[in-house]
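Down below is the structure, laid out as structure tokens.
The values are calculated or read from the model by the stated rules, or taken from the named source; none is laboratory data. Since the structure is predicted, the reported quantities are computational estimates derived from the model, not experimental observations. Cβ sites come from the backbone with ideal geometry, for glycine too, and all protein chains shown count toward neighbours. Please note that ligands, DNA and RNA were not included when accessible areas were found on the heavy atoms of the full protein model with its side chains. Shrake-Rupley method; radii C 1.70, N 1.55, O 1.52, S 1.80 Å.
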Amino acid sequence: MIALGFQRLCSLEIPTYPNLVREFYGTTARTPEGIVGTVRGVSILVSKELLGFLLEIPITGQEPYYIEKRELVLNTILDRQDCNPYMVISANDLEAESRLLLSIIGRILFPKTGRFEFISERDLAIMYHVLNTISFDMGSMMINHISASIGENRFSLPYGMVFTLIFRHYNIPISEKEST
């Protein structure tokens, strides 16, 4: 994760402000520049450039959502040579290190709720990139993940701690008693 530039994102330990995050998500719109929302009357543009600056993450390169050579990817992730491109795998099929990586992907890089044993094509693509230290455009992928969460009826909204950095960047007044 360090070699790919995800150290800051994976090590954030700051309070979150769920009410402010909900306010942002409730007022958002996707634009060519990123995602625009309003919090406490302040218009906020969340762009891949802003995320790159605040989180020190890569904002260039490809966006690995799908796999072209699925058999190669499965061979790499499962560390064996008898995989076929039609295999369906779950978290239980992974070795401990790969399960940890999948957990990092599902809880930090692209937070999700629900069942964590399912491995999506994006998860496989990200795991392959991380295991092979292939850089990818994390900023754009985060913007797309936030965009996909807009308007969904969700129990949790992704990137609470990241939004704390964004709120601070835009000088949104926040108090510690509002945090969780």
Checklist entry - How much of the accessible area of the chain, in percent, comes from carbon and sulfur atoms when a 1.4 Å probe is used? => result 52 percent
Next on the checklist: Per-residue counts of other Cβ atoms within 10 Å, averaged by peptide: what ranking do you get for 54-61, 157-164, highest first?
Outcome noted: 157-164, 54-61
Checklist entry - Among 110, 81, 43, which residue has its Cα positioned farthest towards the positive end of the charge dipole of segment 1-138, with +1 placed on the Cβ of Lys and Arg, -1 on the Cβ of Asp and Glu, and the dipole taken about the Cα centre? => result 43
Item to check | Reciprocal mean inverse distance between Cα atoms of the chain - Kirkwood radius, Å | outcome: 17.3 Å
Item to check | Prolate/oblate/rounded call for segment 1-81, Cα gyration tensor, a/c under 1.5 rounded | outcome: prolate
Checklist outcome for this item: Per residue, accessible area of segment 44-93 with a 1.4 Å probe, heavy atoms of protein chains only, in Å², comes to 62 Å²
Item to check | Whole-number D in µm² s⁻¹ for segment 20-126, Kirkwood Cα-pair radius fed into Stokes-Einstein, 10 °C, 1.306 mPa s | outcome: 97 µm²/s
